[in-house]
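Enquirer: Questions regarding the structure given below will be posed in turn.
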Amino acid sequence: MFIAHIPSGYIMSVLICERVRPVRVSSSVVAWAGMIGAVAPDLDMLYFNFIDHRQTHHHMYLTHWPVLWLSLVAVSILWFRFIGDSKAAFLSLVFSAGGVLHLILDSFVGDIWLFAPFSKRTYAMFTVPALYTPWWLNFFFHWSFAVEIAICVWALMLYWRRANRKGRG
């Protein structure tokens, strides 16, 4: 995924706010937690570009290991369960869920080391053939990019609907 991680985090956060209200946290704060979580695994791009000099696929880094994000979700659930009305625990859960969402979306057409660090086997739902140069054009001209556009449109529609609802007071 190239452009849909932040919009997907927004969608996830809005759906959480509409369906679950266990803690009194502003919906905009929840949205920020979800959007930051949904892009957080790609913070490894800084290391990938500036330190590793693109020698290792960035999905091999710890920030793209499902075990990390699922562990963060589990810890957040336990934290929330035992503390109760904890805003920080709830936001941690939303953030961590955003990280899991990121990996699910990356696995759509990108290799994910699903069982890292225990296995080096990669998994992807679909393969993007290498037909164009530069490499990223292969993703933009693949049918899967329409899914990214749809996610962005969905996020915009949710945003406009919520903005109009607030405007009517």
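All of the numbers you see were taken from the coordinates with simple rules; none came from a lab. Just so we're clear, the structure is a prediction, and the values are computed from it rather than from any experiment. Note: ideal-geometry Cβ built from the backbone for every residue, glycine included; neighbour counts use all protein chains shown.
Enquirer: For Cα pairs less than 8 Å apart in space and 6+ apart in sequence, what is the mean separation divided by the residue count of segment 5-168, i.e. the relative contact order in percent? Please report the intermediate quantities before stating the final value.
Expert: Details: 201 pairs, mean separation 39.8, N = 164.
Computed over segment 5-168, the figure is 24 percent.
Enquirer: Also, quick follow-up: Around Trp65, which amide H atoms from residues at least 5 apart in sequence, or from another chain, sit under 5 Å from its own amide H, with H modelled in the peptide plane?
Expert: Close amide H contacts, sequence-distant or interchain: none at all.
Enquirer: Once Lys and Arg get +1 and Asp and Glu get -1 on their Cβ, which of Val39, Val29, Phe82 lies farthest toward the positive end of the dipole of segment 1-159?
Expert: Phe82
Enquirer: Under a point-charge model restricted to the Cβ atoms of Lys and Arg (+1) and Asp and Glu (-1), what is the dipole moment magnitude of segment 5-168 relative to its Cα centre, in debye to the nearest 20? Spell out each step's value before the answer.
Expert: Numbers: 13 positive and 8 negative charges, 164 e Å.
Dipole magnitude for segment 5-168 comes out near 780 debye.
Enquirer: Please list, in order along segment 88-100, the HN-Hα scalar couplings obtained from phi with the Karplus expression 6.51 cos²θ - 1.76 cosθ + 1.60 (θ = phi - 60°), rounded to whole Hz, x for Gly and Pro.
Expert: My calculation for segment 88-100 gives 5, 5, 5, 5, 4, 5, 5, 4, 5, 5, x, x, 5 Hz in order.
Enquirer: For the chain, take the longest principal axis of its alpha carbons; what is the angle in degrees between that and the long axis of helix 5-19, to the nearest 10 within 0 to 90?
Expert: It is inclined by approximately 30 degrees.
Enquirer: Given a Förster distance of 22 angstrom, what is the FRET efficiency for Arg24 paired with Ser71, based on the Cβ-Cβ distance and rounded to 0.05? Mind showing how you got there, number by number?
Expert: Values: r = 27 Å, r/R0 = 1.23.
Calculated value: 0.20.
Enquirer: At 4 °C and 1.567 mPa s, grab the translational diffusion coefficient of the chain from Stokes-Einstein with a Kirkwood Rh over Cα pairs, rounded to a whole number in µm² per second. Could you put the intermediate results ahead of the total?
Expert: Values: Rh = 17.2 Å.
Once the numbers are plugged in, D ends up at 75 µm²/s.
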